[in-house]
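Asks: Before anything else, here's the structure in question.
What follows draws every value from the coordinates through simple rules; no lab data is involved. Owing to the predicted nature of the structure, the values given are computational and were not obtained by experimental measurement. So basically every Cβ, Gly included, is an ideal-geometry build from the backbone, and we count neighbours across all protein chains shown.
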Ligand code: PMV
């Protein structure tokens, strides 16, 4: 297909559903911003229910050269994005970058929404920028599904490499199951691939939402400041062996080893954040008591679960899918007891989002 001639304008929507992912080994810090070259390898689990649903179609008769003002029209959750807001700037810049890299010309009309609260430690930028990439390429090529999109030159790997330019963690949302992202020897030799694990190895991610407040420091600034932490160089020095241990534990379906590694990893990333300049503390007052409780209950043999935390206060409780009802009931009971002891406190109505290992992205039309 001649990429300068987009296949159809206006009319049908290209619809992308891209899941979020939870990093078991975290991407934090970049060696190079222009190529989005991560400082270390990371590994994540794709989620099933936490999705961004994004529709895109070319704006009829308008291309980048002729548009006044030269902007795509993007709405998120019903709100039209301004290029002045953080998420607006990110989305519009990503569409411009995609046009430059692919040769497509049309401006797009885009509508996007999340099935989960955004900007609070559930990686909305991963699913958001992933879905924007997929919907845009679907719209520009006129592909009706992922198979057609691949035939039109955009396999998952290419999509992942494009998506990570908008948000690094987005590249890990292009496959189901567990996905590895390796930094490689150069910024343009990164690798993203699904880790081969039995399809029936499914974990639950019970996301304890302690706060829905937007985070204080954006991940863009956080990646930058990581290098100022005295803990960052030692982290990078030992991270490769942690990555290999995680890969082995995952292939053996050894959740206990995976859990031990993922907890150290989350605590180390947050230690880097808290000791960087400027320091970032994403936790609320309830984050620390919750992770202490998880560890105590596990040690006492009552809770077969482990935690991880992204750039936010909310705690992802990871356990075997078959243990999820029991773990869920225990977490709920903890907050009910705390709420009874402290009426009208922050313990009232703590939301727990239930998710699990997911299937990966979807592309269709409507
Ligand atoms: O993709 P970004 O730039 O939003 O960074 C994501 C960073 C973490 O969510 C904290 C960790 C990760 O690997 O997803």
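Asks: Under the √(5λ) rule applied to the eigenvalues of the Cα gyration tensor, what semi-axes describe the equivalent ellipsoid of the chain? Give them in Å, descending. Numbers along the way, then the final one.
Replies: On the way: eigenvalues 248, 95, 82 Å².
With the √(5λ) rule applied to the chain, the semi-axes are 35, 22, 20 Å.
Asks: Give me 316, 270, 359 ranked fewest to most by other Cβ atoms within 10 Å of their Cβ, as a rough exposure proxy.
Replies: Numbers: 316 26, 270 20, 359 13.
Going from sparsest to densest Cβ surroundings: 359, 270, 316.
Asks: For segment 244-366, what class follows from the C-alpha gyration tensor (a ≥ b ≥ c being the square roots of its eigenvalues): rounded when a/c is under 1.5, otherwise prolate if a/b is larger than b/c, else oblate? Spell out each step's value before the answer.
Replies: On the way: a/c = 1.31, a/b = 1.18, b/c = 1.10.
Taking the square roots of the gyration eigenvalues as a ≥ b ≥ c, segment 244-366 is rounded.
Asks: State the extension gain, in nm to one decimal, for the chain segment bounded by residue 148 and residue 12, taking 0.36 nm per residue of separation less the distance between their alpha-carbons.
Replies: On the way: separation 136, 0.36 × 136 = 48.96 nm, distance 1.58 nm.
Once the chain is fully extended between residue 148 and residue 12, it gains 47.4 nm.
Asks: Once the Cα atoms of helix 324-341 and of the chain are each reduced to a long axis, what angle between those two axes, in degrees from 0 to 90 to the nearest 10, is obtained?
Replies: In the chain, helix 324-341 runs at an angle near 70 degrees to the longest axis.
Asks: Based only on other Cβ atoms within 10 Å, what is the fewest-to-most ordering of 246, 274? Could the numbers behind the result be given before it?
Replies: Details: 246 23, 274 14.
Arranged by neighbour count, lowest to highest, 246, 274 become 274, 246.
Asks: What order do you get for 165, 231 when you list them from fewest to most C-beta neighbours inside 10 Å?
Replies: Values: 165 19, 231 16.
Ordered from fewest to most neighbouring Cβ atoms within 10 Å, 165, 231 come out as 231, 165.
Asks: Label residue 348 and residue 254 with points 7 Å out from Cα along Cα→Cβ: what is the distance between them in nm?
Replies: So the two model labels end up 4.7 nm from each other.
Asks: What distance in nm separates the two pseudo spin-label positions at residue 284 and residue 193, each 7 Å out from Cα along the beta-carbon direction?
Replies: With each label point 7 Å from Cα toward Cβ, the separation is 4.1 nm.
Asks: Once both axes come from the Cα atoms, what is the angle between helix 287-299 and the longest principal axis of the chain, in degrees from 0 to 90, rounded to 10?
Replies: Relative to the chain, helix 287-299 is tipped by roughly 60 degrees.
Asks: Quote the relative contact order of the chain in percent (integer), defining contacts as alpha-carbon pairs under 8 Å separated by 6+ residues.
Replies: Values: 773 pairs, mean separation 91.8, N = 366.
Once divided by the residue count of the chain, the mean separation gives 25 percent.
Asks: Note down the nm distance, to one decimal, between modelled labels 7 Å out along Cα→Cβ at residue 113 and at residue 31.
Replies: Spacing of the two 7 Å Cα→Cβ label points: 4.2 nm.
Asks: Mind pulling the angle between the C-alpha long axis of helix 232-251 and the longest principal axis of the chain? Nearest 10 degrees, somewhere in 0 to 90.
Replies: 90 degrees
Asks: Segment 289-366 to segment 155-225: how many Å between their Cα centroids?
Replies: 21 Å
Asks: Hey, another quick one. Once every DSSP H run of n ≥ 4 in the chain is given -39500 (n - 2.57) and the sum is divided by its residues, what mean residue ellipticity at 222 nm do you get, rounded to the nearest 500 deg cm²/dmol? Intermediate results must be reported in sequence, preceding the final value.
Replies: Working: 9 runs with 128 residues, N = 366.
Taken over the chain, the calculation gives -11500 deg cm²/dmol.
Asks: Something else now. What full-extension length gain, to one decimal in nm, is calculated for residue 85 and residue 295 as 0.36 nm per residue of separation minus the Cα-Cα distance? Please report the intermediate quantities before stating the final value.
Replies: Details: separation 210, 0.36 × 210 = 75.60 nm, distance 3.93 nm.
Roughly 71.7 nm would be gained on extension.
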